[in-house]
Structures are given as C-alpha cells and as structure tokens.
Amino acid sequence: MAVPTYASPLERVWHYTYLTVCALIFVFLIAPIIVIIPLSFNAEPYFTFTDRMLSLDPDGYSMRWYSSLLTFGMQNPDSTGWAFWSDAWANAKWVQAAKNSIIIGVCSTIVATVLGTLAALGLSRPEMPFRRAIMAILISPMIVPLIITATGMFFFYSNPCELLALVGLSPECGRLAGTYLGVILAHATLGIPFVIITVTATLVGFDQSLNRAAASLGANPRTTFFKVTMPLILPGVVSGALFAFVTSFDEVVAVLFIAGPDQQTIPRQMWNGIREQISPAILAVATLLVIFSIALLTTVELLRRRSERIRGVTPR
C-alpha cells in the first residue's frame, strides 16, 4: 500500500512502522511452521540443522522419515510389492493412526454438521425464545478450557447410565469411553460450535421472504428447505463442516481422556512419539498436516467468496 503524496513525515514514519510491526508479527507466527519443513528432510535423526544441511549438501537431505511413516510398526518392512502394502495397511502405526483420524473425523463431522445446521436454523428464527442463552450454551465448548470439557466427557462417558439415572432416566447403555462412538461424539461436541457460527453468519444475509414465496407457491417445508434454503446456505454449511473436520483431525486432549488403545489418531500418535521415542518422523507428519491445512483453508476461502457472490456482497 503506497503512502499518499500529501502524507506528513510523521504519517510516513507511522506507515512504515506499522508495516514493519505487521511483518515481524507475521514472521513470528509463521516461522515455527516453516522451519519444520526442511527439518523433516534431515538425513540424520536430529531436530536441528546439521552442517551438511546448512551447506546445502545433497547427502544431508533424505526422505527416510517419510518412508518410515509406512514402515514403522510393520512386521516385515523389507517385503516388496503387494506384501509390503498389505503389511503397511494392517500394521504400520502411522497408517493406523491416519485411518482412525479419517474415520473419526468424517463421522464426527457428519454429526456436527447436521446438528449444528439444525441449531443454527432454529436460532436464526426471530420467534425463538432464549436465543442468546441457548447460543451461549451451544458454543460453550469453544470457550470453556478444553481440559475441563475433556474431563467432564471422561466421567460422563465412563458410566453414562449412572449419571443419567440421577436425572430420572434409566436407559440401557454401555461404556462410551474407550470406544469409537465415544470419541466420535466427543469430537462432534467440539465441532458443533464452529458449524453453528459459520451457518449463523450465512443466515444473516438470508432473505426469509424466499421461504414465504416458496410456501405461497405450494412448496412444503421439506421442499422449501432443500430447494431454496439449503442451496443458499450451502457455502456456510461446508465451511463449518471443514472447520469441524479440522478440529477433529487436530484434537489430542479429548483423545487422551476418552480414546482407548485402538483409537490412536495422528495427534495422539505424535504425542506418544514425543514421549516414547524422539524421531524426526514427527516432523514429516507435521509437514504433511501443514500442507493439508493449507488446502482446507484455501477451500474455505473459496467458499467464502462464493457465498459473498451469492448474497450479492462485494468481495474484499
């Protein structure tokens, strides 16, 4: 941004000071993320730049830590062909963690998207009583410290029948802690607030007269929702679903409290790797997650611009 020709010397100093401060903040935020990318190609089992890496010696760089993501935990890592891929799919620790993260992430995203969208639609109606109080309760998982939420989930999921009996309910239920269902419900709980916020923001510019016009033409509520409302709020729904998926994919605190040995996700596997064996393979996983996050954020931004075009908002 150029400085206006009529700017005073003090305004010019302030302008360049402002740009310098912004640049320093940007470097402060992005440097820890950028530095792990070259370190993930380190040929040595160190978390620092070696002399050969600093001198740009090709022998100082290697893909060994990326290949270890497939071989760590395999029964026969020296096998080839179909036997190698079958062994990696069945036994490799990181592959198992990736499968669990995707399964749990997709399932929890579906639950969070459906419930969050329904909640946002209800809260957007002006006749909804106690809207502010209900909204505060629904987005509380974003505000309450995660360690407190995870602790509460652990005690509830460990014996849900006993706790439900305290309020007069006596359902037939089992232990949720240590199960895939428990982890999915926990991640859905953490993802619902993101869906509510994004869908509610999309509904702010929604013209309710479109629903009344559809009803006046004979459309029932279900047809009105899927033919009129849903296409217009779809960018917000998809954005909320992406945020919910990223939240699930990145969650480690709730997993430590609720998941069992069979529900090892990528964040928990990274946590175990830091505690049990320090390996640069963690940096390789972090690099892949950075690329994955950039792709998701790009998708969210494209959806935001599409939503603005649909609502007639001038893109910034």
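Details
- Residue count for segment 226-246, restricted to those that are open to solvent by 40 Å² or more (accessible area, probe 1.4 Å) and either in contact (Cβ under 8 Å) with a residue 12 or more places away in the chain or under 22 Å from the mean Cα position of the chain (by Cα) (or both): 6
- Look at (1) at pLDDT below 85; (2) buried (at least 17 other Cβ atoms within 10 Å of the Cβ); (3) closer than 19 Å to H187 by Cβ and you find that D262 fails only one, number (2).
- Verdict on M63 being free of Cβ contacts under 8 Å to residues at least 40 places away in the same chain and in contact with an Asp or Glu (Cβ under 6 Å, 6 or more places away or on another chain): no
- Segment 278-302 - residue that is modelled with pLDDT under 85 and open to solvent by 80 Å² or more (accessible area, probe 1.4 Å) and, of those, farthest from F155 (Cα to Cα): L302
- Considering only residues in segment 118-155 that are of a type in the set (V, I, T) and in contact (Cβ under 8 Å) with a residue 24 or more places away in the chain, the one that is surrounded by the fewest Cβ atoms within 10 Å (Cβ to Cβ) turns out to be I147.
- Yes/no for T50 being without any contact (Cβ under 8 Å) to a residue 12 or more places away in the chain and open to solvent by less than 50 Å² (accessible area, probe 1.4 Å): yes
- Every test in (1) in a helix (DSSP H, G or I); (2) free of Cβ contacts under 8 Å to residues at least 40 places away in the same chain; (3) open to solvent by 80 Å² or more (accessible area, probe 1.4 Å); (4) not hydroxyl-bearing (S, T, Y) is passed by L115 save one, and that test is (2).
- Conditions (1) open to solvent by 70 Å² or more (accessible area, probe 1.4 Å); (2) within 21 Å of T247 (Cβ to Cβ); (3) in contact (Cβ under 8 Å) with a residue 60 or more places away in the chain; number of the one not met by F72: (2)
- Qualifying residue in segment 4-20 (condition: part of a helix (DSSP H, G or I), within 30 Å of I274 (Cβ to Cβ), under 36 Å from the mean Cα position of the chain (by Cα) and of a type outside the set (V, I, T)): no
- Check on A43, within 30 Å of D250 (Cβ to Cβ) and open to solvent by less than 40 Å² (accessible area, probe 1.4 Å): yes
- Hits in segment 75-112 (condition: surrounded by 19 or more Cβ atoms within 10 Å (Cβ to Cβ) and in a loop (DSSP other than H, G, I, E, B)): A92
- Matching residues in segment 247-272 - criterion: being over 14 Å from V111 (Cα atoms), within 13 Å of the chain's Cα centre (by Cα), of a type in the set (V, I, T) and assigned to a helix (DSSP H, G or I): I266
The values are calculated or read from the model by the stated rules, or taken from the named source; none is laboratory data. All of these numbers come straight from a predicted model, not from anything done at the bench. Quick reminder, even Gly has a Cβ in these numbers, built from the backbone with ideal geometry, and neighbours come from all protein chains shown. Accessible surface areas use protein heavy atoms only, side chains included; no ligands, DNA or RNA. Shrake-Rupley method; radii C 1.70, N 1.55, O 1.52, S 1.80 Å.
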